[in-house]
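The block underneath contains the structure these notes are about, expressed in structure tokens.
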Amino acid sequence: MRARGMGASVIVTEIDAVKALEAAMDGFSVMPMEKAAAVGDVFCTVTGNKDVIRAAHFERMKDGAMVCNAGHFDVEISLPELRAMAEGEPVRVRPFVDEYRIRTPAHTQVSAGMHKRVYVLAEGRLVNLAAAEGHPASVMDMSFSTQALACEWLALCAAEGKMLAPAVYEVSEEIERQVAEAKLGSMGVAIDELTPEQEKYMASWQEGT
């Protein structure tokens with residue numbers, strides 16, 4: 001959304017039908033990665049999975065395409081496949097930017113047999129951490145607050161003798177609401193509250209349909 005707000009034409013690739021539908025309804029182009037690879041100029045993976053951009057995609061990319069990762073470790077972009085395709089070692093053209101030169105196959109937009117360049121940012125590592133200043137404090141304060149309150153909840157459970165089985169537990173809505181209210185207060189943002197009559201209506205089935 002931020003890229004589109006700055007004038008970019010944004011394409012979303014997805015494996016989740018619901019998320020793809022949301023993106024399409026929000027006005028984004030949605031297509032398979034193999035098709036998007038031939039269209040895009042800048043690629044950013046944010047999946048948390050591995051080999052999201054791989055050899056078949058590198059082959060179809062334009063000369064000068066840039067790829068980066070903001071989703072997981074350095075596994076989302078298949079660098080081993082890119083290195084195997086590249087001629088010679090990558091060249092560090094500027095800090096955090098490595099150039100790979102690839103001989104292009106016949107079905108790409110670049111003439112067959114010619115070389116094209118693919119630029120990898122931050123060696124495929126988390127680009128916002130490796131090549132920038134990381135997460136802004138305005139985001140991390142909410143994350144750390146949620147973690148701290150969740151730890152407090154665990155401590156209270158132990159103090160009250162509640163034994164929790166080993167498992168993954170969702171953060172309670174109460175904690176989420178507490179953090180959200182504190183954040184809104186720090187931003188000087190006020191919101192409405194339900195009237196007693198509205199609360200009664202929301203809890204009832206006797207009015208409305």
* Structure fact -> M31 and R177 label points (each 7 Å along its Cα→Cβ direction) are spaced in nm at 4.6 nm
* **Separation of alpha-carbon centers, the stretch 147-209 and the stretch 1-41, rounded to whole Å** => 33 Å
* Using every Cα-Cα pair within the chain, state what percent have a distance larger than 22 Å. => 66 percent
* Most positive-pole-ward Cα, G40, N128, M6, against dipole of the chain from beta carbon charges -> G40
* Structure fact -> So E87 and A56, fully extended at 0.36 nm per residue minus their Cα-Cα distance, gain in nm 9.5 nm
* Grab the DSSP H runs of the chain that are 4 residues or longer, score each as -39,500 (n - 2.57), total them, divide by all residues and round the 222 nm result to the nearest 500 deg cm²/dmol. => -10500 deg cm²/dmol
* Asked: For the stretch 45-164, what number results from the quotient of the Cα radius of gyration and 2.2 N^0.38 Å?
  -> 1.54
* Hull volume in cubic angstrom per residue (convex hull over the Cα atoms of the stretch 62-103) -> 86 Å³
* For the stretch 99-209, build the convex hull from the C-alpha positions and give me its volume per residue in Å³. => 328 Å³
* What FRET efficiency do you get for S204 and M6 if R0 is 45 Å and r is their Cβ-Cβ distance, rounded to the nearest 0.05? -> 0.45
* To do: Identify the residues of the stretch 5-29 with backbone N under 11 Å of a label point that sits 7 angstrom from the Cα of V39 along the Cα-to-Cβ direction, or state none.
  => 9-13, 28-29
* Asked: Can you work out ³J(HN,Hα) from phi for every residue in the stretch 13-23, in order, using Karplus 6.51 cos²θ - 1.76 cosθ + 1.60 and θ = phi - 60°, giving whole Hz and x for Gly and Pro?
  -> 10, 9, 10, 9, 4, 5, 5, 5, 5, 4, 5
* Asked: For all pairs of alpha-carbon atoms in the stretch 152-209, what percent lies in each bin of width 5 Å, listed from the first bin to the last filled one?
  -> 4, 13, 13, 14, 13, 12, 15, 12, 3, 0
* How large is ³J(HN,Hα) for each residue in the stretch 62-69, as worked out from phi by the Karplus curve 6.51 cos²θ - 1.76 cosθ + 1.60 (θ = phi - 60°), to whole Hz, x for Gly and Pro? -> 6, 5, x, 4, 10, 10, 8, 10
* Structure fact -> For the stretch 1-93, Rg(Cα) over 2.2 N^0.38 Å is 1.13
* Residue by residue, what Karplus-based ³J(HN,Hα) values in Hz, rounded to whole numbers, does the stretch 140-148 have, using 6.51, -1.76 and 1.60 with θ = phi - 60° and x for Gly and Pro? -> 5, 4, 5, 4, 5, 5, 4, 5, 5
* Structure fact -> Largest fluctuation, S145, S29, S186 only, Gaussian network model of the chain with Cα springs under 10 angstrom, belongs to S186
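Only the coordinates and a few stated rules stand behind these numbers; no lab work does. Only a predicted model underlies this, so the values are computations on that prediction, with no experimental measurement involved. We place every Cβ from the backbone using ideal geometry, glycine too, and count neighbours over all the protein chains shown.
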